[in-house]
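The numbers here are math on the coordinates, done by the rules we state, and not lab data. This structure is a prediction, so every number in the text was calculated from the model and none was measured. All Cβ positions, glycine included, derive from the backbone under ideal geometry; neighbour counts span all protein chains shown.
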Amino acid sequence: MNEKQHEYEDLPGTWVFDAQRARKGYPLNNFFMSLMKEENRKAFLADETSYLSQFKMSDAQRDAVLKRQWNTMLELGGVVYCLAKLAFTDQHSYQYMAAEMTGMSEQEYVDMMLAGGRSPDGWRSKSETKESAQGDEV
Amino acid sequence: MAKITAGVGCSHTPAIGAAVDLGKTETDYWRPMFEGFEASKKWIKEAAPDVVIMVYNDHNNAFDFKMIPTFAVGCADEFPIADEGWGARPVPIVKGYPELAAHIVQSGILDEFDLTIVNEMEVDHGLTTPMSLMFGEPDAWPVRVIPIAVNVVQYPPPTGNRCYNLGKALKKAVESWDEDLNVMIFGTGGMSHQIQGPRAGLINKEFDKNFLDDLSRDPERLKDIAHLEYMREAGAEAVELVMWLVMRAALGEKVDEVYRFYHVPASSTGVGHIILNADNNE
């Protein structure tokens, strides 16, 4: 059974956390939530692969966590607020994580925000958006 | 009789809380934003509300993924501050008003809103940063708070129209509480922001200005804005603005705009703020 393409899937550079994505992301998000406890943060950092084996996530999800591929984590069902708990575990800020997702340095991102942020022009639909702006290209 | 006398719209971000807690409010980056709330702090001190109904969203701190309530009303005596991953904010515990909260739940459910009753809940920056912006840094918060947590994390959040109608039901519930109380309602979150993906950092000042204008000029237009329009025009997380519509509708048909302020950026967010007085003589 296939669901019809939703209109919000045409938003560029965005993965809307909808019911289907939430279903797939459940174990991934449970992992992020576990990082709200200090002892779990320590255990994760001490041996990431072994810590992750407690969670029934897919290989692709596990790989994205290990490689800190933030956009892939979003695509595979991670919620951005939960991803932030991984960024905090790594001693990074929310702003650092957002910059990583855009492919900018943190300073470039801060400068863009101080200059008024990213204009919606060119970012309203996938057909409008420059390919150069897509992330996790590494 | 209890009355909703005024509404406050106010953005929330973790970075605002961190700036307060780390004593950074006077830095070049933060000063312009915090100055915008100085007049509001004076105003609310004089207006002296007894109770604040805080319409906000949790960011996967109180609620994990086992259950995702659309509208959750905090009915506890008090609400501890959540550790969001970097330690709990050093702000006072939030005192509830369980008697009035229970009344609101009962009235709301009979009004056909399927409210979730929450008897134990921690509160995160979604609730505490508007408190800091409006009440500063007291030893104890000068108001009791009834938190109403709205799901805006998993799509779809409730529609703008649903939120608007909930606001009307809250007005009715408060006005049927037989105690002289000065009640205010806060709608938090927004305005423009996207904090995920390659499109992060999106800001649409014009969208935000029109939204602020129409809170008093044409709220009926706002209630019909579709989720997709918020996301497309003002960023994926701008959909949080539906929570401002609960606040707006709880004030009745006409409002007087007392104050507004707008500033970009606080981290990735367009900070919007408005104070609206309810017209209780209508």
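Considering only Cα atoms, the convex hull volume of the protein assembly as shown works out to 141 Å³ per residue. Counting only the Cα atoms, chain A fills a convex hull of 126 Å³ per residue. Each residue in B:His193, B:His227 was given a count of other beta-carbon atoms within 10 angstrom of its own, and listing them fewest first yields B:His227, B:His193. Counting pairs of alpha carbon atoms under 8 Å apart in space and at least six apart in sequence, what relative contact order in percent does chain A give? RCO, chain A: 29 percent.
Look at the stretch A:91-99: the mean tally of other chain Cβ atoms within 10 Å of its residues' Cβ atoms is 4. You can think of it this way: the chain between B:Asp279 and B:Asn119 has 54.3 nm of extra reach, that is 0.36 nm per residue less the Cα-Cα gap. First check a/c for region A:13-90, with a ≥ b ≥ c the square roots of the eigenvalues of its C-alpha gyration tensor; if it is under 1.5, answer rounded, and if not, answer prolate when a/b is larger than b/c or oblate otherwise. Verdict is prolate for region A:13-90.
Straight-distance candidates among the lysines for linking to A:Lys4, with alpha-carbon spacing under 25 Å and chain neighbours fewer than 8 residues away dropped: A:Lys24, A:Lys126. Cβ crowding within 10 Å ranks B:Phe37, B:Phe261 as B:Phe261, B:Phe37, fewest other Cβ atoms first. Counts of other chain beta carbons within 10 angstrom of each beta carbon in peptide A:107-120 average 6. Peptide B:235-243 shows a mean partner chain C-beta count of 2 within 10 Å per residue C-beta. Once the Kirkwood radius over Cα pairs is known for region B:130-274, the Stokes-Einstein relation at 20 °C and 1.002 mPa s delivers a diffusion coefficient of 133 µm²/s.
State whether chain B is rounded, prolate or oblate according to the following rule on the C-alpha gyration tensor (a ≥ b ≥ c being the square roots of its eigenvalues): a/c under 1.5 gives rounded; otherwise a/b larger than b/c gives prolate, and the remaining case gives oblate. Since a/c stays below 1.5, the shape of chain B is classed as rounded.
Springs between alpha-carbon atoms under 10 Å, Gaussian network over chain A: tell me which of A:Leu74, A:Leu11, A:Leu28 tops the mean-square fluctuations. The residue with the greatest mean-square fluctuation here is A:Leu11.
Averaging the sequence gap over all C-alpha pairs within less than 8 Å and six or more residues apart, then dividing by the number of residues, gives region A:13-90 a relative contact order of 46 percent. Of the peptides B:139-146, B:91-98, B:235-242, the order by per-residue mean of other Cβ atoms within 10 Å, starting with the highest, comes out as B:235-242, B:91-98, B:139-146. Shown for B:Ser267, A:Ser53: other C-beta atoms within 10 Å of each C-beta, ranked fewest to most, produce the order A:Ser53, B:Ser267.
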